[in-house]
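Inspection log for the structure reproduced underneath, given as structure tokens.
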Amino acid sequence: MEERKGFFTPEQEVKLDEFIKLEGIYEAMDGVVIKLTDNILLEKLKAKLQEKNPELVETIESIIDEVFASL
């Protein structure tokens, strides 16, 4: 499996970008925004959660994996 920085794998980031359909310049930028949000902001959130409750992080990632597997 590909390495996660935030909560999503790189493959999941691509699927999320394909799932979200915006118009014009927003469509061109949404993939970058998804990647930056996950790899910077959500990575920081994940690190804080990991310190306090590692099982919660594993649960969140499992849920995300199941959702993307069903798409």
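The values are calculated or read from the model by the stated rules, or taken from the named source; none is laboratory data. Remember, predicted model here, so these are calculated numbers, not experimental data. Counting neighbours? That spans all protein chains shown, and the Cβs are built from the backbone with ideal geometry, glycine included.
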| request: Answer with yes or no whether LEU56 is assigned to a helix (DSSP H, G or I) and closer than 10 Å to GLY6 by Cβ. | output: no
| query | Restricting attention to region 13-71, and to residues there that are among the hydroxyl-bearing types (Ser, Thr, Tyr) and surrounded by fewer than 11 Cβ atoms within 10 Å (Cβ to Cβ), which single residue is modelled with the highest pLDDT? | reply | SER62
| field | Which numbered condition GLU23 misses (of (1) part of a loop (DSSP other than H, G, I, E, B); (2) among the acidic types (Asp, Glu); (3) within 13 Å of the chain's Cα centre (by Cα)) | value | (3)
